[in-house]
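> Next up is a structure, given as structure tokens.
The values are calculated or read from the model by the stated rules, or taken from the named source; none is laboratory data. Since this is a predicted model, take the numbers as computed values, not measurements. Cβ: placed from backbone, ideal geometry, glycine included. Neighbour counts: every protein chain shown.
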Amino acid sequence: MAVIAEDVVAAGNGANNKKPGGQTEYVVRAKDLVKEFQMGQETTRALNGVSLDIKRGEYLSIMGPSGSGKSTFFNMIGGLDKPNNGSVFINDVDMAQLDAQELAFLRCHTIGYIFQSFNLIPVMTALENVQLPTIFAGKPSEDGTARAMELLEIVGLGHRLHHKPSELSGGQQQRVAIARSLANNPSIVLADEPTGNLDLKTGTEIIALLRKLNKEQGVTIISATHDHKMVDVSDRVVWIRDGRVDKIELREDIDLHIGSMGNEEDEA
Ligand code: ADP
Ligand code: MG
């Protein structure tokens, strides 16, 4: 079973979506996903047949109003929750076929996670927070420290290595979380409302940083968001409504009507 997990990782890293050396063009394939939540007598169908193929190296935004199913979809492709129906393939491996250990291995090595509320460990410094995933991955401590320092430098926090989250601004905390998401050199970074707790200027800086990392590190970025600022940097935007894919647009096409998009983000 470790063989499957290592294949997942081996196939995963790299920016090219052209299929070199057996790499698949699609880093994520979601097929017919259905997810229901039962609350007492009431059933909510959060995802109602979502299919989506995500290219290696792509910056993809999943947009939609609050409650449309973005986080639920995020949790399915991140292996954080399971669909009632349908399947998710990561680097051609069907997640449903993985046992708990393999799934943990995949989550640790292949996917990095960024959340709206940063989710840093309060008692740890920035350096320790970023290093933590390398410890879970069983990497030598010196390597993990070096990697964490390098990443904090890349996100512009080389001068804040020993600060705890409470000693950092919201934008700086999200930079630490972004650095942490890259610690094990994942092929995919999943970001759920990464700008949701940030002001306009800081949010714009975080979006620019994610785009830069997408370009420079070749990592596929999948962001669930209702922040229209994200459209500017996305290669493709998937609009979700009531648990279904409403439309998929390439950035070039969005440019044509971007002027007509108001501040709908403030509704949600
Ligand atoms: P979004 O991220 O787009 O705001 P979500 O994916 O969080 O939307 O939610 C989609 C729908 O599923 C909503 O109606 C929400 O109330 C419901 N939902 C999400 N998670 C749960 C849960 N754990 N239990 C019950 N209902 C849920
Ligand atoms: Mg959400």
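> Are any of the residues in segment 255-264 at pLDDT 85 or above and part of a helix (DSSP H, G or I)? Step through it out loud before you land on a result.
Within segment 255-264, the first condition is being at pLDDT 85 or above, and the residues that meet it are none.
For segment 255-264, residues at pLDDT 85 or above and part of a helix (DSSP H, G or I): absent.
> If you don't mind, another one. Quick one: would you say Asn184 is part of a loop (DSSP other than H, G, I, E, B), buried (at least 17 other Cβ atoms within 10 Å of the Cβ) and away from ligand 2 (no atom under 16 Å from the Cβ)?
Working: part of a loop (DSSP other than H, G, I, E, B): yes; buried (at least 17 other Cβ atoms within 10 Å of the Cβ): yes; away from ligand 2 (no atom under 16 Å from the Cβ): yes.
Answer is yes for this residue.
> Continuing with this model, one more query. Just give me the residues in segment 187-207 being touching a residue at least 40 places away in the same chain (Cβ under 8 Å), away from ligand 2 (no atom under 16 Å from the Cβ) and not β-branched (Val, Ile, Thr), in sequence order.
Within segment 187-207, just Ser187 meets the criteria.
> Which of the residues belonging to segment 89-106 are in a loop (DSSP other than H, G, I, E, B) and buried (at least 20 other Cβ atoms within 10 Å of the Cβ)? Please lay out each step first, then the result.
To start, the set of residues in segment 89-106 that are in a loop (DSSP other than H, G, I, E, B) comprises 91-92, 98-99.
Listed by number, the residues that qualify are Asn91, Leu98.
> In segment 50-71, is there at least one residue being surrounded by fewer than 19 Cβ atoms within 10 Å (Cβ to Cβ), of a type in the set (D, E, K, R) and within 24 Å of Ser234 (Cβ to Cβ)?
The initial filter retains those residues of segment 50-71 that are surrounded by fewer than 19 Cβ atoms within 10 Å (Cβ to Cβ), namely 51, 53, 55, 65-67.
Add one more test, that the residue is of a type in the set (D, E, K, R), and what stays is 53, 55.
Filter once more, so that each one left must be within 24 Å of Ser234 (Cβ to Cβ): 53, 55.
Yes, because at least one residue in segment 50-71 is surrounded by fewer than 19 Cβ atoms within 10 Å (Cβ to Cβ), of a type in the set (D, E, K, R) and within 24 Å of Ser234 (Cβ to Cβ).
> Taking the stated definitions as given, is Leu250 closer than 18 Å to Ile114 by Cβ and more than 16 Å from ligand 1 (Cβ to nearest atom)? Steps first, answer last, please.
Values: closer than 18 Å to Ile114 by Cβ: no; more than 16 Å from ligand 1 (Cβ to nearest atom): yes.
In short, no.
> So which residues in segment 158-175 are out of contact with any Pro (no Cβ under 7 Å at 6 or more places or on another chain) and within 23 Å of Leu200 (Cβ to Cβ)?
Narrowing segment 158-175 to residues out of contact with any Pro (no Cβ under 7 Å at 6 or more places or on another chain): 158-163, 167-172, 175.
Those that are out of contact with any Pro (no Cβ under 7 Å at 6 or more places or on another chain) and within 23 Å of Leu200 (Cβ to Cβ): Arg160, Leu168, Ser169, Gly170, Gly171, Gln172, Arg175.
> Still on this structure, please answer the following. Select from segment 107-147 the residues that are among the aliphatic types (A, V, I, L, M) and more than 18 Å from Gly171 (Cα to Cα) and write down the one among them that is surrounded by the fewest Cβ atoms within 10 Å (Cβ to Cβ). Steps first, answer last, please.
Pass one, segment 107-147, residues among the aliphatic types (A, V, I, L, M): 111, 114, 120-121, 123-124, 126-127, 130, 132, 135, 137, 146.
After this cut, where a residue has to be more than 18 Å from Gly171 (Cα to Cα) as well, the list is 111, 123, 132, 135, 137, 146.
Details: Ile111: 25, Val123: 10, Leu132: 17, Ile135: 13, Ala137: 16, Ala146: 13.
Within segment 107-147, the match that is surrounded by the fewest Cβ atoms within 10 Å (Cβ to Cβ) is Val123.
> Mind listing just one residue for me: the one in segment 53-88 that is part of a strand (DSSP E or B) and within 12 Å of ligand 1 (Cβ to nearest atom) and, of those, farthest from Val219 (Cα to Cα)?
From segment 53-88, those part of a strand (DSSP E or B) are 53-55, 59-63, 85-88; that's our starting set.
After this cut, where a residue has to be within 12 Å of ligand 1 (Cβ to nearest atom) as well, the list is 62-63.
Details: Ile62: 17, Met63: 20 Å.
The qualifying residue farthest from Val219 (Cα to Cα) is Met63.
Residues are listed down the side, and each one gets a yes or a no for (1) more than 18 Å from the chain's Cα centre (by Cα); (2) not aliphatic (A, V, I, L, M):
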{"residue": "Arg29", "(1), (2)": "no, yes"}
{"residue": "Gln38", "(1), (2)": "yes, yes"}
{"residue": "Ser51", "(1), (2)": "no, yes"}
{"residue": "Ile54", "(1), (2)": "no, no"}
{"residue": "Gly57", "(1), (2)": "no, yes"}
{"residue": "Pro65", "(1), (2)": "yes, yes"}
{"residue": "Gly69", "(1), (2)": "no, yes"}
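> Take segment 27-45 and flag every residue that is surrounded by fewer than 20 Cβ atoms within 10 Å (Cβ to Cβ) and part of a strand (DSSP E or B). So that I can check it myself, show each step before the final result.
Filtering segment 27-45 down to residues surrounded by fewer than 20 Cβ atoms within 10 Å (Cβ to Cβ) leaves 29, 31-32, 34, 36-45.
Once the filter is applied, which keeps residues that are surrounded by fewer than 20 Cβ atoms within 10 Å (Cβ to Cβ) and part of a strand (DSSP E or B), segment 27-45 yields Arg29, Lys31, Asp32, Val34, Glu36, Phe37, Gln38, Met39, Glu42, Thr43, Thr44, Arg45.
> Given the criterion more than 23 Å from Asp53 (Cβ to Cβ) and either modelled with pLDDT under 95 or in a helix (DSSP H, G or I) (or both), identify the matching residue among Leu213, Leu209. Reasoning before the result, please.
On the way: Leu213 fails: more than 23 Å from Asp53 (Cβ to Cβ).
Step by step, each of Leu213, Leu209 is checked, and only Leu209 is more than 23 Å from Asp53 (Cβ to Cβ) and either modelled with pLDDT under 95 or in a helix (DSSP H, G or I) (or both).
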